[in-house]
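Structure first, commentary second.
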Amino acid sequence: MDIVRENLYAAQALYFAWQLEQMRMFHVVDRIAELYRKGLLPLGSGSAGETLRRRTISVVSRLGDRERANLYSLVLGVPGGDPDEIEPNREFPPLWLRFLASVALHARYDPARVECAARAIAINASAHGAGLGPAVDRLSIDVDEMISVLCAPEIGQAYGAGSLWQVIDRVNAEELGGTVNTARHRARAQAGSAVLEWLADHAGPRENMAPDSELVQAVDQWLAVSGLADEELRAMAQGRGHTGDF
């Protein structure tokens, strides 16, 4: 089966967005917009206010919670999608973890084994990422807009935060019922996205998918926040175990 780069880039964007979803970024920005609309969050004349006004008006053009959940489940196999509308990609989680564990354990000693795992996850992600360009584009625009809001100086000042991640933590704690492990999801968003980008850049029947230092670094960063023991990695490299959290 062919590996289509554009489909892997779609999977990359969805993985990144899904990790932002886990830290409740979408709900955080919607809550900020609601507070601003009600006059409970004065922001002055900065750019954030205009973006929040535009966000309130353009809600129809964005993907809703159910649409996003269906995309994540369709491509990444995560729970939450509507079973009446889509078939989850249940093969993605074990293939993903098998690939990461193979890189961690065999990159130096058995690159052919890693290349086999790379092709397996690339074929799977390519097949399930097909035809999703318009939806992924809409989602990416929304993500860019949310990040611009959270990075605005007036938003940071309003919440006494020095970064967009601190804003997320503050709104989660004060408005949405408690904090989440933002640092973990941030690390996974960045490292997992880098892994999928590497797969896309090295995809193709004639491309060399043997591991290089760039891939090893991204995998190490992903695994660093996972706390996996060696025996768990060995099981994952064989396609067994630890499929519930990725």
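At-a-glance table
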{"read-out": "G39, sole failed condition from (1) modelled with pLDDT under 90; (2) part of a helix (DSSP H, G or I); (3) out of contact with any Leu (no Cβ under 7 Å at 6 or more places or on another chain)", "value": "(2)"}
{"read-out": "Selection from segment 220-233 of residues that are surrounded by fewer than 15 Cβ atoms within 10 Å (Cβ to Cβ) and either part of a helix (DSSP H, G or I) or touching a Cys at 6+ places or on another chain (Cβ under 8 Å) (or both)", "value": "D220, A224, D230, E231"}
{"read-out": "Among (1) modelled with pLDDT under 90; (2) part of a helix (DSSP H, G or I); (3) within 22 Å of T182 (Cβ to Cβ); (4) of a type outside the set (S, T, Y), the one test that V60 misses", "value": "(3)"}
{"read-out": "Selection count where residues are surrounded by fewer than 17 Cβ atoms within 10 Å (Cβ to Cβ), of a type in the set (A, V, I, L, M, F, W, C) and within 11 Å of R53 (Cα to Cα), scope segment 27-41", "value": "0"}
{"read-out": "Residue match in segment 174-184 (condition: among the small types (G, A, S) and touching a Lys or Arg at 6+ places or on another chain (Cβ under 6 Å))", "value": "no"}
{"read-out": "Residue that is modelled with the lowest pLDDT [pool: residues in segment 177-219 that are surrounded by fewer than 15 Cβ atoms within 10 Å (Cβ to Cβ) and aliphatic (A, V, I, L, M)]", "value": "A210"}
{"read-out": "Selected residue (criterion: surrounded by the most Cβ atoms within 10 Å (Cβ to Cβ)) from residues of segment 63-88 that are among the aliphatic types (A, V, I, L, M) and part of a helix (DSSP H, G or I)", "value": "V75"}
{"read-out": "A130 vs. criteria modelled with pLDDT of 95 or more and more than 30 Å from R234 (Cβ to Cβ)", "value": "yes"}
{"read-out": "Given (1) surrounded by fewer than 21 Cβ atoms within 10 Å (Cβ to Cβ); (2) modelled with pLDDT under 90; (3) assigned to a helix (DSSP H, G or I), number of the condition G44 does not satisfy", "value": "(3)"}
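Conditions tested, residue by residue: (1) surrounded by 15 or more Cβ atoms within 10 Å (Cβ to Cβ); (2) over 19 Å from W222 (Cβ atoms); (3) of a type in the set (S, T, N, Q).
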position: W96; (1), (2), (3): yes, no, no
position: H106; (1), (2), (3): yes, no, no
position: A120; (1), (2), (3): yes, no, no
position: H128; (1), (2), (3): yes, yes, no
position: D144; (1), (2), (3): no, yes, no
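The values are calculated or read from the model by the stated rules, or taken from the named source; none is laboratory data. Only a predicted model underlies this, so the values are computations on that prediction, with no experimental measurement involved. Because the Cβ atoms are built from the backbone with ideal geometry, glycine has one as well, and the counts that use them run over all protein chains shown.
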